[in-house]
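Undergrad: The structure that follows is given in the form of structure tokens.
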Amino acid sequence: MNTRSILILITIFLFTACNSQNEKETTKTSLTTTGTAKDSSHTQTDKEISNVETNLPGSLIERNLPITDSTTFDNFEKFGMRDKGFLKRIKFDPRRKDATNFRLNYKIPFSENFTSVVLTYKGGENELFTILLTVDKNDKIIDKLEIAYDEIAESAFGKTSKIEKDKIVVTSSNWMNAEKPIFKDETYVLDKTGKFEKMKN
């Protein structure tokens with residue numbers, strides 16, 4: 001093999017090596033750019049979802065009256081949605097350190113002057129509370145009323161409610177004596193300001 005042939009082979013080898021390196025760099029840059037774009041898009045999507053969830057209950061289902069609420073451990077996760085910021089924004093305080101699993105269940109069209117929303121949360125492992133909240137247009141809680149309750153420690157105590165336009169009847173039950181359970185009704189009305197008023201029996 002003469003000198004000229006050797007030089008041609010070396011030139012071809014170097015040219016091929018350079019092209020290969022350039023392709024690798026281009027591919028790497030392309031992947032990095034795509035990855036960054038994807039991450040940015042993902043971050044923005046998360047942010048948008050977060051904002052939508054925080055602005056609840058605007059997207060929450062609205063139920064028409066009359067409503068019977070008998071939320072229990074058996075069904076509380078079958079409807080509504082997990083709270084992602086709304087309750088924090090309105091500064092809802094369950095006054096229990098063991099409160100978990102907050103869910104927004106539905107809205108009730110009582111008035112255009114305030115929002116009425118029903119939520120559920122667990123108290124420890126054995127208790128489940130369902131609360132009707134009224135919230136003003138400045139995201140401040142006006143009042144709250146416990147409309148359902150369930151417990152699985154003894155499965156003896158419970159609470160359900162019948163919600164109508166002009167009144168809310170909350171029925172408490174005590175099954176400690178299964179042969180003769182005790183039922184007690186309490187009636188409330190919701191005034192124009194969003195406050196619950198207990199009626200005398």
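The values are calculated or read from the model by the stated rules, or taken from the named source; none is laboratory data. This one's a predicted model, so the numbers in the text were calculated from it and none came from an experiment. Here the Cβ is made from the backbone with ideal geometry for all residues, glycine too, and neighbour counts use every protein chain on show. When the accessible area is computed, the model is the full protein with side chains, heavy atoms only, and any ligands, DNA or RNA have been set aside. Shrake-Rupley method; radii C 1.70, N 1.55, O 1.52, S 1.80 Å.
Undergrad: Based on the mean of other beta carbon atoms within 10 Å per residue, what is the order of 138-151, 114-127, 69-82, most packed first?
TA: Going from most to least packed, we get 114-127, 138-151, 69-82.
Undergrad: Right, another one. Could you give the length gained by full extension between LYS144 and ASN113, i.e. 0.36 nm per residue of separation minus their alpha carbon distance, to one decimal place?
TA: Residue separation times 0.36 nm, minus the Cα-Cα distance, leaves 9.6 nm.
Undergrad: Now for a different question. Peptides 94-101, 169-176: what's the order by average Cβ count within 10 Å, highest mean first?
TA: Most protected by this proxy first, the peptides run 169-176, 94-101.
Undergrad: Now a separate question. Apply the Debye scattering formula to region 71-201, with a single equal point scatterer on each alpha-carbon and no solvent, then give log10 I(q)/I(0) at q = 0.21 Å⁻¹.
TA: Debye intensities relative to I(0), on a log10 scale: -1.34.
Undergrad: Within region 109-201, what whole-number % of the accessible surface is contributed by carbon and sulfur, with the 1.4 Å probe and all protein chains included in the calculation?
TA: The C+S portion of the solvent-accessible surface of region 109-201 is 48 percent.
Undergrad: Can you tally the net charge around GLU125? Count Lys and Arg as +1, Asp and Glu as -1, for every other residue whose Cβ sits under 11 Å from the Cβ of GLU125.
TA: For residues surrounding GLU125, the net value is -2.
Undergrad: Report the full-extension gain for the segment THR68 to SER172: residue separation times 0.36 nm, less the Cα-Cα distance, to one decimal in nm.
TA: Full-extension gain reported as 36.1 nm.
Undergrad: List the residues, sorted by chain then number, that are 5 or more residues from ALA99 or on another chain and whose placed amide H is less than 5 Å from its amide H.
TA: When sequence neighbours closer than 5 places are left aside, the close amide H contacts are GLY124.
Undergrad: Sticking with this structure for a sec: If I stretch the segment between LYS195 and ASN75 completely, what's the gain in nm (0.36 nm per residue apart, minus their alpha carbon distance), one decimal?
TA: Full extension from LYS195 to ASN75 adds 40.4 nm.
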